[in-house]
Amino acid sequence: MDPIKNPFSPGAGSPPPELVGRDNILEQTRILLGRVRAKRPEKSLLLTGLRGVGKTVLLNEMERIAQSDGYRSILVEAHEDKPLAALLAPHLRRLLFDLSRVAGAGDKVRRGLAVLKSFIGTVRVTIGEVELGLDIEPERGSADSGDLEADLPDLFTALAEAAAERRTPVAILIDEIQYFSLSELSALIMAMHRMQQRQLPLVLMGAGLPILPGLAGESKSYAERLFNFPDIGPLSGPDSAKALQDPVREVAVEFQTAAIQEIFRLTQGYPYFLQEWGYQTWNHADHSPITLQDVRDATEKVIPRLDANFFRVRFDRLTPSEKNYLRAMAGLGGGPHRSSDIAVVLGVKVSSLGPVRAKLIKKGMIYSPTYGDMAFTVPLFDEFMRRAIPEVQTRE
Ligand SMILES: Nc1ncnc2c1ncn2[C@@H]1O[C@H](COP(=O)(O)OP(=O)(O)OP(=O)(O)O)[C@@H](O)[C@H]1O
Ligand SMILES: [Mg+2]
């Protein structure tokens with residue numbers, strides 16, 4: 001059928017034709033925003049889930065809700081090798097400029113910029129081409145100790161006081177939070193602790209891989225009292241059916257029930273895969289209704305596409321020993337698997353696998369759902385690994 005009319009949208013962060021099965025989170029978001037605005041305590045929301053479940057899409061939607069609720073917002077994505085201070089500074093500067101345009105008297109915005117300037121001075125952030133552009137003196141003694149755990153709470157406080165003065169709450173949204181170092185995460189948690197104690201109108205919403213709650217708890221034991229970690233999972237059978245059927249019905253096309261059941265079986269309800277199968281099946285089908293046979297034929301195209309895009313980009317960032325570890329895991333099935341079982345497959349002592357396992361966790365390829373267990377962060381990655389490397393390499 002006409003590819004131009006194809007309603008599906010496979011791709012990182014591409015908004016789906018319909019955001020199915022997330023009403024609960026969106027409702028929690030509205031409550032959080034409403035309570036922070038009313039100076040009532042509420043836990044921040046940090047979404048956790050595997051690759052491709054729809055965290056980024058959801059975070060974008062949460063930002064839209066915040067904005068339509070009168071919040072000023074920034075949305076940033078953490079990277080493996082970018083320090084938190086360098087990442088946030090230019091955005092916080094924009095947020096303060098935004099606030100300076102909101103009507104209202106007072107000098108808290110100016111103070112916020114002065115504190116930001118002293119913060120930037122200590123971490124020596126170069127904001128790329130952007131000059132801070134301020135004929136403002138840094139405020140000595142605020143946010144300039146060089147210790148992020150002390151400085152970030154100071155900076156957030158100055159920003160949030162400016163926000164309170166302009167009666168405009170602010171929202172900070174951070175994607176891929178698991179990439180922050182433990183000390184950065186700890187600083188962020190302490191900053192949010194301060195916001196809650198002082199009832200300041202600054203809200204944090206974030207998303208990350210399932211290692212996030214563990215990391216947060218490790219850096220500050222009281223993290224669980226400050227954050228909710230809703231688990232963003234695959235869609236249920238009925239929700240998957242809706243994610244496929246509703247968008248095509250909009251253009252007077254129909255999936256047969258058997259076709260939908262087959263897509264659900266193949267995708268296990270993972271949103272990225274639902275979009276990809278929906279997309280290819282639509283292009284393959286000649287006319288409505290879309291049949292089981294259409295799905296089967298399209299699958300031959302979907303698998304190589306997923307291998308070449310979704311899986312391959314992650315695979316290519318791995319060293320040979322990392323690949324080998326993942327291949328051994330994949331040989332055991334979808335998982336999670338005991339670390340000791342993986343060692344048995346590789347014919348080595350489990351203790352010798354510590355370093356490679358740590359690197360894979362840092363790269364966001366695997367995580368430990370429970371002590372001693374390892375699981376893939378990318379759904380269906382085991383099947384991909386078995387296609388990519390047919391034989392496990394074991395130590396003789
Ligand atoms: N609720 C949903 N219903 C249907 N499709 C969805 C839903 N949420 C996300 N998708 C689709 O899933 C795909 C992946 O979404 P997204 O990039 O937000 O995932 P992610 O969890 O951020 O992945 P990653 O961990 O790789 O960054 C997109 O193509 C998107 O359109
Ligand atoms: Mg994402």
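The values are calculated or read from the model by the stated rules, or taken from the named source; none is laboratory data. What you see is a predicted model; the values in this text were computed from it and never measured. Please note: Cβ atoms are built from the backbone with ideal geometry, for glycine as well, and neighbour counts cover all protein chains shown. With ligands, DNA and RNA removed, areas are computed over all heavy atoms of the protein, side chains included. Shrake-Rupley method; radii C 1.70, N 1.55, O 1.52, S 1.80 Å.
Brief remarks follow.
- Computed over protein heavy atoms with a 1.4 Å probe, the carbon and sulfur contribution to the accessible area of region 269-360 reaches 54%.
- Restricting region 340-396 to chymotrypsin sites (Phe, Trp or Tyr not before Pro) in coil, as DSSP defines it, with at most 15 other Cβ within 10 Å: 371
- Within the shell defined by Cβ-Cβ distances under 9 Å, the residues around residue 314 carry a net charge of +3, with Lys and Arg each +1 and Asp and Glu each -1.
- Cross-link partners of residue 242 among aspartates and glutamates (Cα-Cα below 20 Å; sequence separation of 8 or more within a chain): 18, 23, 27, 61, 250, 254, 262, 276, 294
- Whole-Hz Karplus values for region 331-336 come out as x, 8, x, x, x, x Hz, taken residue by residue from phi with 6.51 cos²θ - 1.76 cosθ + 1.60 and θ = phi - 60°; glycine and proline positions read x.
- Degrees separating the helix 182-198 axis from the principal Cα axis of the chain, which is the longest one: 60 degrees
- In the chain, helices alone account for a calculated mean residue ellipticity at 222 nm of -16000 deg cm²/dmol, with every DSSP H run of four or more residues adding -39,500 (n - 2.57).
- Applying both filters, DSSP loop and at most 13 other Cβ atoms within 10 Å, to the GluC sites (Glu not before Pro) of region 175-253 gives 250.
- The H on the amide N of residue 73, modeled in the peptide plane, is under 5 Å from the matching H of 171, each at least 5 residues off or on a different chain.
- Residue-wise HN-Hα coupling along region 202-211, computed from phi with Karplus coefficients 6.51, -1.76, 1.60 (Hz; x: Gly, Pro): 10, 10, 10, 10, x, 8, x, 6, x, 6
- Rg [Å, one decimal], Dmax [Å, integer] - the chain, C-alpha atoms: 23.5, 75
- Diffusion coefficient, µm² s⁻¹, Stokes-Einstein with Kirkwood Rh over alpha-carbon pairs of region 254-393 at 20 °C and 1.002 mPa s: 131 µm²/s
- Protein heavy-atom surface of region 1-154, 1.4 angstrom probe: 47% of the accessible area is carbon and sulfur, with nucleic acids and ligands not counted.
- C-alpha long axis of helix 257-267 to longest principal axis of the chain, angle in °: 70 degrees
- The number of Lys pairs in region 1-130 with C-alpha atoms less than 21 Å apart, excluding pairs fewer than 8 positions apart on the same chain, is 5.
- Amide H contacts of residue 255: 290, each under 5 Å away and 5 or more positions distant or on a separate chain (H built 1.01 Å from N in the peptide plane; Pro and chain starts excluded).
- Euclidean distance of C-alpha centroids, region 236-291 and region 159-205, integer Å: 40 Å
- Volume per residue of the C-alpha convex hull in region 145-268, rounded to whole Å³: 151 Å³
- Our coupling estimate for region 14-27, obtained by passing each phi through the Karplus curve with A = 6.51, B = -1.76, C = 1.60 and θ = phi - 60°, is 6, x, x, x, 8, 7, 8, x, 10, 4, 4, 5, 5, 5 Hz, Gly and Pro reported as x.
- Net charge contributed by nearby residues that have their C-beta within less than 11 Å of residue 333 (K/R +1, D/E -1): -2
- Where N is the number of residues in region 1-134, Cα Rg divided by 2.2 N^0.38 Å: 1.30
- Modelled label positions at residue 296 and residue 35, each set 7 Å beyond Cα in the direction of Cβ, lie 5.2 nm from each other.
- Per residue, the chain exposes an accessible area of 45 Å² to a 1.4 Å probe, with every protein chain left in place.
- Reference-scaled alpha-carbon Rg (2.2 N^0.38 Å with N residues) for region 219-272: 1.70
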